[in-house]
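Some notes on the structure that comes next.
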Amino acid sequence: MRVTQVAVQLYTIRDHLKTPGEMAVSFRRLREIGFRAIELGGLGPISDTELKTLLDGEGLACCASHEPARQLIENPEHIAAKLKTIGCPTAVYPYPSGISFSTREELSAFTRRLNDAGSRLRGAGIALAYHNHNIEFRKIEGSLALSKIFEETDPKNLSAELDCYWVQAGGNDPAGWCVRMKGRLLLLHMKDYGVQDQSAALPSSVFREVGQGNLDWPRIVKDAETSGCRWFVIEQDANWIDNDPFRSLKISYDYMKNVLCE
């Protein structure tokens, strides 16, 4: 992995992106940490052209964008036009809100819609990737929902943005899934998996900075690279150091640069 392949999911700093002015300041802070690429998510109102101007001004490339799930399915051409204005090559389906994984028939109906959206986006010059959480590791008639999503879609129409934390939370091995997605793994979401204070009645997992939790990052990155991963995207939804997402991002970025990058 090269440091130029390290990106940040902007949802991490969503509270600092409510206005174009806040975005300009935040993009500058990201560049000062060392980031050269971002993934869109969590932005306040801004025009596509103004966003492009702000990113260009800080020398930040846009590697992908989390787009509204319904719009991706129903009007992918509109999404493609937006992303072309920004200079972003990949749309990401972020979360299957309102989608039932109760039966094989319901899941197959969903995969058909995903495949169609991916085909239409591809026709417009934009790739489509699927971002998982832990719910896709529910078994349906003996098979994991995430397995069926990729088995029932054309690799040309749907790539993967594996989220390592949520793969682990779903009871699976992030590195193993990187291997399974060989040739389809476009992006990797990197946030570490920690465990809360054992004094809690039922200890639960928490987000940690990359390198500060339990995941085997050298193995994960090695397998992701072997599978053709292009972007390694830091995201930390919450649980930031001193409630400062920029501080947490610097810890993650420095670990990746100093330990995981060539």
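Each residue in the range 1-42 was checked for being of a type in the set (A, V, I, L, M, F, W, C) and touching a Ser or Thr at 6+ places or on another chain (Cβ under 7 Å), and 3 pass.
What number of residues within the range 49-67 are of a type in the set (A, V, I, L, M) and in contact with a Phe, Trp or Tyr (Cβ under 8 Å, 6 or more places away or on another chain)?
Number of matching residues: 4.
Entry remark, the range 12-25: residues being without any contact (Cβ under 8 Å) to a residue 40 or more places away in the chain, touching a helix residue (DSSP H, G or I) at 6+ places or on another chain (Cβ under 7 Å) and among the hydroxyl-bearing types (Ser, Thr, Tyr) number 0 in total.
Residues that are within 26 Å of ALA127 (Cα to Cα) and in contact with a helix residue (DSSP H, G or I) (Cβ under 7 Å, 6 or more places away or on another chain) within the range 183-197 comprise ARG184, LEU185, LEU188, HIS189, MET190, LYS191, listed in sequence order.
The set of residues in the range 223-255 that are in contact (Cβ under 8 Å) with a residue 12 or more places away in the chain and of a type in the set (Lys, Arg) comprises ARG230, LYS250. For GLY34, the conditions (1) modelled with pLDDT of 95 or more; (2) touching a helix residue (DSSP H, G or I) at 6+ places or on another chain (Cβ under 7 Å); (3) farther than 24 Å from ASP242 by Cβ; (4) surrounded by 14 or more Cβ atoms within 10 Å (Cβ to Cβ) all hold with the exception of (3).
The values are calculated or read from the model by the stated rules, or taken from the named source; none is laboratory data. Here the structure is a predicted model, which is why all the values come from computation and not from measurement. As a convention, Cβ positions derive from the backbone with ideal geometry for all residues, glycine included, and neighbour counts pool all protein chains shown.
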